[in-house]
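Here is the structure we will look at, set down as structure tokens.
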Amino acid sequence: MFDNLLTAGEFRISFWVMPLFYQHNINEYTRLAVWHITEPESYFIAQVPLQRDITHPHKRLQHLAGRYILRLLFPEFPFDLIRIASTKKPYLPDDAFHFSISHCGDYAAAIVSTHQRVGIDIEIPTPKVARVRHKFLHAVEWEAVERSSACIEHDADADMIRKLTLLWSAKEAVFKWYGNGEVDFSEHIRLKTEGLKASGDGIIQASFLKEAPAHFTLPFHLFEQLCMVWVVT
């Protein structure tokens, strides 16, 4: 399926009649994909092990789909060696692969690299994000978003929801990249939100201010019903 991966820096949305919704070959060592989950659990169980006791059927399906993508991206990925840290971050003891998994609704995404630390997050925009914005946005970030959305004459609420979802997803991706828990999203992860758009693809400048400060460029893609952000360092 991945015999003809894209060259580095290219994007493609997959409209094929198959659940591989999107794939991106980021560089020589790093790949990501999004899977639209339409299969029954038996499809994944036949190919990947269920490594945790998950009782909720849909969460179990998401879990299996996420691990299935790891093997699609790198056929030699040893998912039977995955361990779960006390912070709930999955990892490989020898760091032969750095990886991150995300799922939301009927979608699962994964990013894998043999050389670089990574993080990924996907989200489906919903009005709930506006009600909890104070929990993850710094006041300066919110003011910039509010100003940009105030300039929109039509469908301002939808624009705001998509922007807030994008910012939440960006902070989640950085949080997963960090992997050590105990992060204050509003204080430790800062985003430049001026000029933020609510469609297509682009980048967000981010700073991680816990411990030694780090600065990132976070690529993102906004599909019609799904938001995705990732980090590679």
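Near Leu226, once Lys and Arg are set to +1 and Asp and Glu to -1 for all other residues with Cβ below 12 Å from its Cβ, the sum equals -3. Here Glu224 and Asp95 are evaluated by their C-beta separation; at R0 = 45 Å the FRET efficiency comes out at 0.80. For the peptides 125-134, 164-173, the ranking by mean Cβ contacts within 10 Å, running from highest to lowest, is 164-173, 125-134.
Which order do peptides 92-105, 109-122 fall in by mean Cβ count within 10 Å, highest first?
On the way: 92-105: 18.1, 109-122: 22.5.
Top of the packing list down: 109-122, 92-105.
Using the 1.4 Å probe convention, the accessible area of the chain works out to 50 Å² per residue with neighbouring protein chains retained. FRET efficiency for the Glu76 to Ser42 pair, using the beta carbon distance and R₀ = 35 Å, is estimated at 0.90. Pairs of Lys residues in the chain that lie 8 or more places apart, or on two chains, and have C-alpha atoms under 16 angstrom apart add up to 13. Taking a span of 27 Å or more along the helix axis (Cα atoms) and a mean Kyte-Doolittle hydropathy of at least -1.0 as the rule, the DSSP H helices of the chain that qualify are 156-178. With the highest mean first, a sort of the peptides 202-213, 24-35 on other beta-carbon atoms found within 10 angstrom per residue produces 24-35, 202-213.
For Thr126 and Thr55, what is the calculated FRET efficiency with R₀ set at 41 Å and r taken between the beta-carbons, to the nearest 0.05? Please list the in-between numbers first.
Values: r = 24 Å, r/R0 = 0.60.
Working from the Cβ atoms, E equals 0.95.
Estimated from helices alone, the mean residue ellipticity of the chain at 222 nm is -8500 deg cm²/dmol (sum of -39500 (n - 2.57) over DSSP H runs with n ≥ 4, per residue).
The values are calculated or read from the model by the stated rules, or taken from the named source; none is laboratory data. Not measured: the values here are computed from a predicted model. Note that each Cβ is placed from the backbone with ideal geometry, even for glycine, and that neighbours are counted across all protein chains shown. Heads up: the accessible areas ignore ligands, DNA and RNA and are worked out on the full protein's heavy atoms, side chains in. Shrake-Rupley method; radii C 1.70, N 1.55, O 1.52, S 1.80 Å.
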